[in-house]
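For reference, the structure is listed below as structure tokens.
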Amino acid sequence: MSKGITWFRVTQVNDWSKLEDLLESYYVDQALNAGNRWIFRGVSSVSYGLLNSLERELRGNPYWEGKPAEAERLLIHEFKKRAHHYVRDVPRETAEIEWLALMQHHGAPTRLLDWTRSPYVALFFAVRGSSANLGNPAIWVLNIEYCTRVACRVLQEQLCLKQPPSDHQLFDLCCDKAFDVVFPIDPMRANERLAIQQGVLLYPGNIGKSFDENLSGGVGMDDMVRIEIDRELIPIAMYHLHMMNISHATLFPGMDGFSVSMKELLWIPEHVRPESASR
């Protein structure tokens with residue numbers, strides 16, 4: 001994130017009850033407005049911007065830095081050619097959204113950025129990955145309904161359409177031309193992890209610009225918030241998340257998720273016993 005940017009609001013929290021009240025307020029707002037306008041993304045340090053995996057991978061790359069569109073085409077082409085060796089049920093050749101979602105799910109670099117509709121899932125990813133040398137973790141909060149409306153309006157104006165495109169038309173319209181917008185994509189076949197984590201995949205319309213640049217023109221301070229969490233709250237946050245049954249074992253089903261969840265037991269006071277009690 002560049003210094004001096006003021007297009008989002010910053011809230012600093014150093015008390016657990018205040019953090020809990022703040023996160024709950026988004027649930028209340030969702031219920032009162034009968035919608036799902038707020039989405040969340042947890043990051044382990046406030047110094048981390050909203051970088052997607054393709055942006056991170058191309059930084060410093062002597063072959064592809066500055067050529068994200070070409071790099072993306074290469075990756076999608078190669079993934080389509082080889083994915084059937086590892087996954088039986090692959091998408092149709094022309095189902096670009098499905099291919100991008102599958103690539104994202106399995107860790108291939110894409111322009112997509114993972115968010116969630118659960119503030120507590122976002123809190124988990126913020127505090128679980130944080131360490132002493134990272135500073136304070138943070139949760140990004142975005143009004144995705146407003147962001148999507150802006151995307152529809154921008155495409156209507158720039159393509160001279162008689163009426164705004166529907167949410168489902170945005171992706172197809174952005175395949176042929178770059179637009180500085182961000183909107184969610186909805187793959188027909190959501191994978192298990194995406195469903196469990198209440199995941200939302202955001203798509204930046206202009207791959208030639210950073211995710212921040214795509215997003216900043218479509219939101220204001222009432223629609224984008226960064227909640228900065230004092231790292232002293234990490235132990236109590238881990239304990240409460242454990243009591244909510246939010247862990248690697250539940251968010252990443254399978255042996256790998258279960259194994260990683262063993263690390264989280266070290267943050268739960270109920271598992272701390274005097275040495276003599278374990279003999």
Exercise. For region 145-201, what is Rg from Cα atoms divided by 2.2 N^0.38 Å, rounded to two decimals?
Worked result: 1.26
Problem set entry | Set of region 120-157 residues, backbone N closer than 20 Å to the point 7 Å along the Cα-Cβ line of residue 259 | 129
Exercise. How large is the helix-only mean residue ellipticity at 222 nm for the chain, computed as the sum of -39500 (n - 2.57) over DSSP H runs with n ≥ 4, divided by its residue count, in deg cm²/dmol to the nearest 500?
Worked result: -11500 deg cm²/dmol
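Once you keep just the Cα pairs under 8 angstrom separated by 6 or more residues, what percentage relative contact order results for the chain? If you can, show how the numbers build up before the last one.
Details: 417 pairs, mean separation 76.9, N = 279.
The normalised contact order for the chain reaches 28 percent.
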Exercise. With axes computed from alpha carbons, what is the tilt in degrees of helix 119-128 against the longest principal axis of the chain, rounded to the nearest 10 within 0 to 90?
Worked result: 70
Problem set entry | Amide proton proximity set for residue 113, modelled H, under 5 Å, gap of 5+ | 202
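Could you work out the relative contact order of region 138-279? I mean the mean sequence separation of Cα pairs under 8 Å and 6+ apart, divided by the number of residues, in percent.
Working: 146 pairs, mean separation 34.5, N = 142.
After rounding, I find 24 percent.
For the chain, what is the convex hull (Cα atoms) projected area averaged across all directions, in square nanometres? If you can, show how the numbers build up before the last one.
Details: hull surface 71.9 nm².
The orientation-averaged projected area of the Cα hull of the chain comes to 18.0 nm².
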Problem set entry | In order through region 22-29: 3J(HN,Hα) via Karplus (6.51 cos²θ - 1.76 cosθ + 1.60), integer Hz, x for Gly, Pro | 5, 5, 5, 4, 6, 4, 4, 4
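Out of every Cα pair in region 107-153, what percent are spaced more than 17 Å from each other? Present the calculation step by step, with values, prior to reporting the outcome.
On the way: 577 of 1081 pairs.
In whole percent, the long-distance tail amounts to 53.
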Seminar exercise, completed: Once the in-chain neighbours fewer than 8 apart are removed, the lysines whose Cα is under 29 Å from residue 177 read 67, 80, 81, 162, 209
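Give a quick list of trypsin sites (Lys or Arg not before Pro) in region 178-220 that DSSP marks as loop, anything other than H, G, I, E or B, with at most 13 other Cβ atoms within 10 Å. Mind dumping the intermediate values first?
Details: sites: 189, 193, 209; in loops: 189, 209.
Qualifying residues, ordered by number: 189.
Each value in this text was obtained by applying a stated rule to the coordinates, not by laboratory testing. Treat the numbers as computed from the prediction; the structure is a model and nothing was measured. Note that each Cβ is placed from the backbone with ideal geometry, even for glycine, and that neighbours are counted across all protein chains shown.
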